[in-house]
Structures are given as structure tokens and as C-alpha cells.
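> Below is one structure. I have some questions about it.
The values are calculated or read from the model by the stated rules, or taken from the named source; none is laboratory data. All values derive from a computational prediction rather than experimental measurement. FYI the Cβ positions are ideal-geometry reconstructions off the backbone, even for glycines, and counts take in every protein chain you see.
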């Protein structure tokens with residue numbers, strides 16, 4: 001059995017080393033009919049997997065050395081610019097197809113440029129609703145049925161409701177395990193926050209059975225070695241996709257522990273399960289619409305505010321670090337929306353604006369992080 | 001016939017007075033985004049005010065810089081839409097044009113132009129603690145039944161939402177009247193542009209930009225139609241400064257509201273901006289649909305910014321042909337991500353057809369992103385290209 005250190009190293013490599021990730025993906029089991037790349041938390045992996053395709057979240061860093069002199073105009077966010085450059089460098093040529101969400105304008109720009117300039121792999125847009133309310137469920141369920149037909153066509157694999165239920169069960173297991181991990185981290189500092197985010201993020205790349213096994217092993221190990229270092233300052237991170245392990249590691253080296261997050265590749269991914277009785281497509285629609293919302297979705301302001309207040313109150317936080325990617329508009333708005341609530345709750349907030357592929361944190365940002373944690377220590 | 005200038009002045013006054021009066025009369029006021037189906041709201045006696053249009057007024061009156069500064073957004077001013085920044089600035093700025101917009105009772109936004117409007121209005125709803133309704137247009141619809149039904153259901157919910165917050169019912173006759181006038185106004189709006197279809201031009205492009213306001217503020221009224229009819233009749237003859245030999249230019253995208261003539265550069269008899277296609281984006285198709293609501297679904301889902309890339313390219317290509325355009329100036333407006341998507345592809349496609357295009361990077365409302373020297377230099381070298 002691999003050691004915890006070995007497993008975590010694998011997770012970090014998958015996120016930050018493009019060649020390592022590619023080698024891993026080229027070695028995926030033969031049972032898959034190809035790899036489907038996708039963006040955002042609103043594309044149900046369950047359906048992609050049921051169609052015999054391997055769902056791969058487009059995250060991490062890529063080789064763009066062969067990149068031609070093409071770019072997108074600012075203020076398109078730095079993640080989208082990186083993906084565009086990677087696509088221009090054929091970094092996604094191994095994918096069978098790619099699925100876009102009905103999401104922010106930066107991704108919509110990328111979708112249009114994909115159609116015009118990138119062309120391969122073939123792109124599909126899942127037109128999910130942006131209003132997270134009961135009246136959108138039926139529409140979303142219908143769109144999911146259309147999506148399922150497209151995926152079946154792509155793979156040549158038909159699937160029954162019973163087979164879809166099997167993949168739902170598998171993804172529910174992942175979500176359940178991840179929630180267990182999140183709960184544990186509130187009082188157990190065995191796993192560093194940066195490692196936990198790496199583990200969480202690698203799950204968007206790893207083969208599902210392997211990932212669930214890995215999660216079980218790490219959770220069991222953490223339960224056996226319960227540890228709570230009270231000297232570490234309790235920090236929550238917020239923001240969009242935060243796959244920069246080096247930055248999170250640096251934050252914790254200043255004497256902090258990331259006990260929770262509200263990031264795309266974090267708690268928002270694993271909240272709420274898909275019900276497995278009744279109409280499965282409606283259940284999937286319901287799960288994706290009513291899971292912890294991304295700022296690109298219009299969910300109830302009052303309900304969200306209440307849930308957020310309750311959540312931060314339970315965490316006994318000493319600070320929140322909001323890590324936004326340059327020009328990520330939904331998250332600037334989300335930051336502005338949450339700032340008042342955090343201040344009212346007496347929680348200090350640090351806003352960092354970073355480039356998605358900026359592996360080296362600037363001296364200025366490091367100083368800001370250090371003094372922020374220093375202040376948190378005094379509180 | 002009443003002059004267009006006089007009608008425009010009345011429309012302007014009525015719009016701002018109606019807002020102020022509504023506050024006093026306790027008539028419900030909604031802030032709406034540019035492509036909200038206001039015909040429904042007006043048929044339910046809701047006063048519609050457009051923060052985007054107000055941001056245009058603020059920018060044109062030279063207040064954008066100060067107001068953006070007042071918004072307190074600091075470094076986020078780089079990331080956000082300048083209309084929203086100006087709007088956030090109204091809260092702390094004292095010298096507001098026309099005294100500012102009246103306080104809204106509700107907010108209604110649509111994502112058929114961009115996703116910013118919904119994020120901006122959501123933040124506004126939180127700050128003002130007032131109800132918000134978002135209309136989701138996933139894609140420009142033609143015959144996709146499920147999406148049409150989805151939008152139709154949202155319109156039903158919108159009507160219920162307004163009913164719930166105002167106790168007003170939808171007046172079907174009023175709605176029909178609104179749709180009829182909107183349809184007629186669009187026909188006339190197209191005719192305004194067509195005045196410049198052939199050389200010499202009849203109306204300056206920046207005057208067409210100025211003439212857009214009634215299309216927004218007084219949509220669905222007879223007065224808008226009267227205004228465009230007057231404008232057309234006043235511009236039947238060629239402009240004094242126009243020439244049959246002018247190089248005909250198309251401005252692609254948003255104008256620069258903070259400039260007196262809305263476009264940079266010194267254009268003369270040799271080079272003329274014939275039209276800005278942005279103003280044509282407002283020429284919605286109200287004619288396709290089985291009833292009034294269905295017509296609104298077609299009109300508002302098929303906005304330029306909601307179209308797929310090739311539809312946009314084809315459409316601009318048609319405009320270039322129809323208006324006998326020799327060159328295109330593309331405004332890469334940093335405030336509008338959605339509008340940035342087509343700039344590079346469009347330039348490439350135009351070049352394949354032998355139409356040169358130049359890209360100018362600036363902003364629609366924030367003069368901080370406008371470098372006069374750089375832009376003029378680029379336009380000058382573009383003129384040289386066109387001469388050769």
C-alpha cells in the first residue's frame with residue numbers, strides 16, 4: 001500500500017506537472033472510450049462516465065512553450081487565457097471532446113474562440129440554467145437528457161438508468177468521502193490545508209475508483225493520527241479555481257492552517273449528493289442547482305447569506321484569504337458581496353489577486369500574507 | 001411635423017421626470033438592464049430606469065472619472081465594467097446629472113448581453129435589500145422548442161414576480177400596443193441607418209448614436225416612432241461635409257461616450273464613419289412569434305451579444321456589403337468581455353474579403369483607458385493603409 005506521502009506527492013504532481021499528468025492520462029484503463037474535458041462544477045461527471053468516457057476537469061498548468069503569438073484581450077481572466085494558449089499549443093489534442101458550461105463571460109469568450117480558432121477537440125455547451133430555483137429543474141433535466149444523448153453518440157456506448165445510477169453512486173461516494181475529510185479538518189490538523197486542497201483537486205483528474213480508494217486510505221490514516229495543533233492560525237480560503245499548491249503551502253508556512261475553503265475545486269464541488277430514487281436526470285439537475293453555489297449562478301441572496309454566516313461562525317476563524325485570479329469578474333463581485341458579512345463577523349480578510357499560472361508568489365504578496373497571519377496571531 | 005430635436009427633448013425630460021414623479025406617486029420603479037423585455041413591465045405599469053443608460057449620461061457629461069473614483073472599487077476598477085463602476089459611484093457622488101436615478105423597488109436583469117449585468121444587479125440587490133429577478137437566455141433561439149419554453153416560463157415567473165411586488169396585473173392590450181410600437185420603432189430605426197446606405201451620407205454616425213436614447217428610454221411608445229420619422233424626414237439630403245468619394249468606414253462595437261463625437265480621430269471628407277454597428281444591435285426582431293410573448297422571446301434572445309461567433313461574423317459581413325464599407329475600426333472595449341470575443345476573428349474574416357480592419361483598445365465610458373495619442377496614431381496609420 002502506498003504511503004500517505006506518496007499519495008499526496010502524486011496529487012501535487014498531477015496538478016502542477018503537465019508531463020506527469022499527461023503520462024497518467026495516457027495510461028488510463030482501456031474500458032474508457034476516450035477523455036472528455038470539461039470546465040466548471042455544473043457539468044455532471046456522472047453522465048460523462050456513464051457513457052463510458054473519462055471525465056477530466058480542465059485545471060492545473062500546461063506546457064505552452066510551443067505557443068504561437070496568439071492571445072485573448074484583457075480583461076478575460078488569466079485562467080481562460082492560459083487555457084487558450086495551451087489549446088493553441090495542442091495541449092488538449094488527446095481529448096475526445098470538451099464540454100463548456102453556460103457560465104461567465106470569460107469562458108463564453110473562450111467557447112467562441114474554440115469554435116473559431118481551436119476547433120479540436122470538438123466542443124459542446126451544456127446550456128444549464130443560471131437561476132438556482134425549482135422552476136429551472138425541469139429545463140435543466142431536459143438539457144441533461146440531450147447532453148446524455150450527445151455523450152452516448154460520442155462514445156458509442158448506450159447506458160440504462162440502472163447503469164447511470166451506478167455511476168451516480170460512485171460519485172456520491174466521492175462527495176461523501178470529501179465531506180468527511182472537510183469535517184475532519186475542522187478539528188484535525190493531521191493533513192495540511194494545502195495538501196487537502198491538492199488531494200481534492202487531483203480528484204478532478206484521477207480515475208474514480210483509484211481516487212475513492214485513495215480518499216479512504218487518507219481519511220483512515222488521519223482518523224488514526226488525530227492531531228490538533230492549536231498554535232496554527234485558522235484560515236479559510238475563498239475564490240475561484242485555486243490549484244496553486246505552492247501558494248497555499250506558503251500561506252501555511254507562516255504559521256496558519258487552512259481549515260476550510262469556498263473555492264471551485266473545494267467544498268463547492270462536494271456539497272450535496274444526487275438522490276438515486278425517482279427521475280435520475282431531475283435528481284442530477286437538483287443536485288447541481290442546489291449544491292453550494294458558484295457566483296456564476298443566481299441563488300437566493302438571503303439563503304446564501306444565512307448559510308455563509310452560519311458556516312463562518314462554526315469555523316472559529318482567524319482570517320479569510322480571498323485568492324482571486326486576475327480579471328475573474330464573478331469573484332470580484334462575490335468578494336464584494338461577502339466582505340461586509342465577514343467584517344460584521346469580526347473576521348479579517350486579505351484579498352490576493354494572482355495570475356492563474358503564477359507559480360511564483362510575488363515578494364509583495366508574500367509580505368502581505370505574512371503580516372496578515374501575524375495580525376491573526378495577535379487576535 | 002414636430003422637429004426631432006423637440007421630441008428628443010421631451011423624451012429625455014419625460015424619462016427623468018417619470019422617475020422622479022414615480023417616487024412621489026409611489027409608482028413602482030424597476031432598474032432594468034439594456035435588453036430586458038420592458039414591454040412586459042410597462043404593460044404592468046412599472047417605471048423602468050436603466051442604470052447603463054444613466055452611466056452613459058454620466059460619461060458624456062465628463063463625470064465618469066470622478067464617479068468611478070467615488071465607487072471605492074480601487075484596483076477592481078481594472079476588472080469591472082465601467083457602467084457598473086459609475087453606478088456604484090452614484091452612491092457616494094454628490095453632483096449627479098439630473099440629480100441621479102430614483103431609488104428602485106426591484107431589479108430586473110437579463111444575461112442576453114453579458115453576465116456582468118446579473119453580477120452587478122445581484123450586488124445591488126444585496127446592498128439595497130430589494131428583490132431581484134434574473135432572466136436567463138442560454139442562447140439565441142430560433143426553433144429550439146425547449147429553450148423557447150424555458151424562456152416563456154421565465155416570463156410567466158416575471159409577471160408573477162411583478163404582481164407579487166406591486167399588486168399590478170398584466171394589461172394584455174397595453175402589452176400588444178407596446179410590442180406593436182417596438183416593432184415599428186425598429187423598422188424606423190433601420191431606416192435611420194439606411195440613410196447612409198449609399199454615398200454621400202445623410203446623417204453623421206455620431207448623431208445616430210445620440211438618437212439611440214429614445215429606443216431605450218421610451219421603448220414601446222408612439223413618441224419613439226414620431227421621433228425617428230422626424231429624424232428621417234430631416235435627413236433626406238446629403239450632409240454638407242459629405243462627399244461621394246469618401247472612404248466609408250464602419251465603427252464596430254461600443255462608441256466612446258466620453259468623447260463629444262463618440263468616436264476618436266479627425267474624420268473629414270476623405271474618411272467618414274458611415275455607421276456604428278452597435279446602434280444596429282438594438283434593431284431587434286419583434287416579428288417572429290405566434291403571440292406577443294413569443295415575439296418578445298425571439299427579440300430578446302436574439303441580441304447580437306448572445307449570438308454564436310459565426311452568426312456575428314456573417315452579420316457584420318452583411319453590414320459591410322450593404323453599406324458599401326471600405327474599412328472597419330473595431331473597438332476592443334475592455335468593459336465588455338462578451339463584445340471582445342468577436343474582434344480578432346472578425347478582423348481576420350474581413351481581411352479575407354479584402355476589407356482592412358484596425359483594432360483600437362479603449363473603453364466605452366471610462367476615459368482612463370483612452371489614450372488619445374495612441375488611438376490617433378493607429379487611426380492615422382489605418383488611413384494610410386486605406387489610401388494605398
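> Checking the structure you have, find out if any residue of region B:250-263 is modelled with pLDDT under 95, more than 18 Å from residue B:52 (Cβ to Cβ) and surrounded by fewer than 17 Cβ atoms within 10 Å (Cβ to Cβ).
Yes, region B:250-263 contains a residue that is modelled with pLDDT under 95, more than 18 Å from residue B:52 (Cβ to Cβ) and surrounded by fewer than 17 Cβ atoms within 10 Å (Cβ to Cβ).
> How many of the residues making up region A:309-341 are closer than 18 Å to residue A:265 by Cα and within 14 Å of chain B (Cβ to nearest Cβ)?
Matching residues across region A:309-341 total 11.
> Here's another thing I want to ask about it. So which of B:377, B:340, B:350 ends up being in contact (Cβ under 8 Å) with a residue 24 or more places away in the chain and either more than 20 Å from the chain's Cα centre (by Cα) or outside the structural domain of residue B:81 (by TED's automatic domain parsing) (or both)? Please lay out each step first, then the result.
Working: B:377 fails: in contact (Cβ under 8 Å) with a residue 24 or more places away in the chain; B:340 fails: in contact (Cβ under 8 Å) with a residue 24 or more places away in the chain.
Sole residue among the options that is in contact (Cβ under 8 Å) with a residue 24 or more places away in the chain and either more than 20 Å from the chain's Cα centre (by Cα) or outside the structural domain of residue B:81 (by TED's automatic domain parsing) (or both): B:350.
> Could you count how many residues in region A:285-308 are outside any helix (DSSP H, G or I) and either away from chain B (no Cβ under 12 Å) or closer than 14 Å to residue A:261 by Cβ (or both)? Break it down into steps so the answer makes sense when it comes.
Pass one, region A:285-308, residues outside any helix (DSSP H, G or I): A:291-300.
The next check asks that each one be either away from chain B (no Cβ under 12 Å) or closer than 14 Å to residue A:261 by Cβ (or both); those that pass are A:291-292, A:294.
Final tally of qualifying residues: 3.
> Being surrounded by fewer than 21 Cβ atoms within 10 Å (Cβ to Cβ), closer than 20 Å to residue B:111 by Cβ and over 24 Å from the mean Cα position of the chain (by Cα) is the filter here; which residues of region A:113-142 pass it?
Within region A:113-142, A:115, A:134, A:135, A:138, A:142 qualify.
> Next question. Considering each residue of region B:292-333, count those that are under 22 Å from residue B:381 (Cα atoms), touching a helix residue (DSSP H, G or I) at 6+ places or on another chain (Cβ under 9 Å) and either crowded, with 23+ Cβ neighbours inside 10 Å or more than 9 Å from chain A (Cβ to nearest Cβ) (or both), and give that number. Walk me through it before giving the result.
Residues of region B:292-333 under 22 Å from residue B:381 (Cα atoms): B:320, B:324-333.
So of that shortlist, the ones also touching a helix residue (DSSP H, G or I) at 6+ places or on another chain (Cβ under 9 Å) come out as B:320, B:325-333.
Filter once more, keeping what is either crowded, with 23+ Cβ neighbours inside 10 Å or more than 9 Å from chain A (Cβ to nearest Cβ) (or both): B:320, B:325-331, B:333.
Residues that pass the stated criteria total 9.
> For region B:251-365, please list each of the helices (runs of 4 or more DSSP H) lying entirely inside it that holds at least 2 residues being closer than 30 Å to residue B:173 by Cα.
On the way: elements: B:277-280, B:292-301, B:309-322, B:337-340, B:343-352.
It comes to B:277-280, B:292-301.
> Hey, among A:190, A:159, which residue is at pLDDT 95 or above and either in a loop (DSSP other than H, G, I, E, B) or within 14 Å of another protein chain (Cβ to nearest Cβ) (or both)? Steps first, answer last, please.
Details: A:190 fails: at pLDDT 95 or above.
Sole residue among the options that is at pLDDT 95 or above and either in a loop (DSSP other than H, G, I, E, B) or within 14 Å of another protein chain (Cβ to nearest Cβ) (or both): A:159.
> Could I ask something else about it? Output yes when any residue across region A:225-240 is free of Cβ contacts under 8 Å to residues at least 12 places away in the same chain, more than 20 Å from the chain's Cα centre (by Cα) and not in a loop (DSSP other than H, G, I, E, B), and no when none is.
Filtering region A:225-240 for residues free of Cβ contacts under 8 Å to residues at least 12 places away in the same chain gives A:230.
Adding the requirement that they be more than 20 Å from the chain's Cα centre (by Cα) leaves A:230.
Those left that are additionally not in a loop (DSSP other than H, G, I, E, B): none.
For region A:225-240, residues free of Cβ contacts under 8 Å to residues at least 12 places away in the same chain, more than 20 Å from the chain's Cα centre (by Cα) and not in a loop (DSSP other than H, G, I, E, B): absent.
> Sticking with this structure for a sec: Please count how many residues of region A:65-101 are part of a loop (DSSP other than H, G, I, E, B), facing another protein chain (nearest Cβ under 10 Å) and free of Cβ contacts under 8 Å to residues at least 60 places away in the same chain.
So the answer is 4.
Table: residues versus (1) within 11 Å of chain A (Cβ to nearest Cβ); (2) buried (at least 22 other Cβ atoms within 10 Å of the Cβ).
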position	(1), (2)
B:115	yes, yes
B:118	yes, yes
B:130	yes, no
B:140	no, no
B:152	yes, no
B:162	no, yes
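> Would you mind stating whether residue A:32 is more than 14 Å from chain B (Cβ to nearest Cβ) and without any contact (Cβ under 8 Å) to a residue 40 or more places away in the chain? Give the steps one after another, and end with the answer.
Working: more than 14 Å from chain B (Cβ to nearest Cβ): yes; without any contact (Cβ under 8 Å) to a residue 40 or more places away in the chain: yes.
Yes, satisfied.
> Among the candidates B:85, B:80, which residue alone is more than 16 Å from the chain's Cα centre (by Cα), under 17 Å from residue B:114 (Cβ atoms) and either assigned to a helix (DSSP H, G or I) or without any contact (Cβ under 8 Å) to a residue 12 or more places away in the chain (or both)?
B:85
> Among the residues of region B:54-77, how many are closer than 22 Å to residue B:103 by Cβ and assigned to a loop (DSSP other than H, G, I, E, B)?
So the count comes out to 5.
> Those residues that are in contact (Cβ under 8 Å) with a residue 12 or more places away in the chain, out of contact with any helix residue (DSSP H, G or I) (no Cβ under 7 Å at 6 or more places or on another chain) and part of a helix (DSSP H, G or I), I need them from region B:175-206; list them, please.
B:177, B:183, B:186, B:190, B:205, B:206
> Next up: What single numbered condition from (1) away from chain B (no Cβ under 13 Å); (2) under 16 Å from residue A:235 (Cβ atoms); (3) out of contact with any strand residue (DSSP E or B) (no Cβ under 6 Å at 6 or more places or on another chain) fails to hold for residue A:350?
Here residue A:350 clears every test but (3).
> Let me ask something else. Looking for something surrounded by 15 or more Cβ atoms within 10 Å (Cβ to Cβ), touching a residue at least 40 places away in the same chain (Cβ under 8 Å) and part of a strand (DSSP E or B) - is there at least one such residue anywhere in region B:233-243?
no
> For residues in region A:102-146 being part of a loop (DSSP other than H, G, I, E, B), touching a residue at least 12 places away in the same chain (Cβ under 8 Å) and more than 9 Å from chain B (Cβ to nearest Cβ), which is nearest to residue A:291 (Cα to Cα)?
Residues of region A:102-146 part of a loop (DSSP other than H, G, I, E, B): A:102-104, A:119-121, A:127-130, A:132-133.
Cutting the leftovers down to touching a residue at least 12 places away in the same chain (Cβ under 8 Å) gives us A:102-104, A:120-121, A:127-130, A:132-133.
With more than 9 Å from chain B (Cβ to nearest Cβ) added as a condition, the list becomes A:120-121, A:132.
Numbers: A:120: 32, A:121: 30, A:132: 9 Å.
Step by step, filter region A:102-146, then rank; the result is A:132.
> Also, quick follow-up: Residue A:22 passes all but one of (1) within 27 Å of residue A:268 (Cα to Cα); (2) buried (at least 18 other Cβ atoms within 10 Å of the Cβ); (3) away from every other protein chain (no Cβ under 14 Å); which number fails?
Failing condition for residue A:22: (2).
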